[in-house]
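The values are calculated or read from the model by the stated rules, or taken from the named source; none is laboratory data. These numbers come from a predicted model, not from an experiment. Every residue, glycine as well, gets a Cβ built from its backbone with ideal geometry; the counts of neighbours run over all protein chains shown. Note: accessible area is taken over every heavy atom of the protein model, side chains too, but ligands, DNA and RNA are not part of it. Shrake-Rupley method; radii C 1.70, N 1.55, O 1.52, S 1.80 Å.
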Amino acid sequence: MHVLNICYRAFGFIKGFGLVLSGLALAGMILSISADVLSRNLSGNSIPGVYEVVMFYLMPLSVLPIVFYAFAQGVSPRIPMVFDRLPARFQKALYLFVVMAELLLMAIVAFYSFEYAVDGTTAGHAFPAAGDMYPKYPVYYLIPIGFAGVAVELAFIGLKNVMQPGVWITYTKDQATIAEEFQV
């Protein structure tokens, strides 16, 4: 269990990096859109290419690297009306089945989205902005990274459920802790 905790802490640094990257992209979106609006109101002209750069680079960068960080915080959907009313021995088995099914689904999506990213790289997908062509395919790799990150998070949750008593909804919170938080 100690090794698993060390690995999860290392994975936490990757999640933290994604959080910082998303924050920087969001700040870039705010600044570039504000500058464009200011430019439009003062000079009557938009800054060339801002809309496209925000749409093709900054929006995906603000969302995709943070997907598995958000998932680790316990924002995944649950069905407490059904799940919590089952006997404890069935809850863990059912939850492990759900986690493994989600893990498989995320791995499949990560695999096929990675193939699409490679195809986009090979084809040289690009978008026009301000009279130039900019590559679109680097952002394609954020999709498999996001889904692979969720798959890794699910693997950690599944392993924790196998190795520890109780039903662990996230790696750091078991079902009882989450139920107490909702009672407040």
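Brief remarks follow.
- Residues satisfying the stated conditions in the range 153-172, i.e. under 30 Å from ALA25 (Cα atoms) and open to solvent by 60 Å² or more (accessible area, probe 1.4 Å): THR172
- Residues in the range 37-91 that are aromatic (Phe, Trp, Tyr), at pLDDT below 90 and open to solvent by 50 Å² or more (accessible area, probe 1.4 Å) were compared, and the one that is farthest from TYR134 (Cα to Cα) is PHE90.
- The lone criterion from (1) more than 27 Å from TRP168 (Cβ to Cβ); (2) of a type in the set (A, V, I, L, M); (3) open to solvent by less than 50 Å² (accessible area, probe 1.4 Å) left unmet by LEU31 is number (3).
- Selection from the range 37-60 of residues that are in contact with a Pro (Cβ under 9 Å, 6 or more places away or on another chain) and in a helix (DSSP H, G or I): GLU52, TYR57
- The residues on offer are ILE6, ILE33, and the sole one that is under 30 Å from PHE182 (Cα atoms), among the β-branched types (Val, Ile, Thr) and part of a helix (DSSP H, G or I) is ILE6.
- Residue in the range 69-76 that is closer than 22 Å to GLY18 by Cβ, aromatic (Phe, Trp, Tyr), in contact (Cβ under 8 Å) with a residue 24 or more places away in the chain and out of contact with any strand residue (DSSP E or B) (no Cβ under 6 Å at 6 or more places or on another chain) present: yes
- Criterion applied to PHE127, PHE114 was being in a strand (DSSP E or B) and in contact with a helix residue (DSSP H, G or I) (Cβ under 7 Å, 6 or more places away or on another chain), and the one residue passing it is PHE127.
- LEU86 aliphatic (A, V, I, L, M) and part of a loop (DSSP other than H, G, I, E, B): yes
- Residue list for the range 94-111, filter: more than 25 Å from ILE143 (Cα to Cα) and either open to solvent by 60 Å² or more (accessible area, probe 1.4 Å) or not in a helix (DSSP H, G or I) (or both): LEU94
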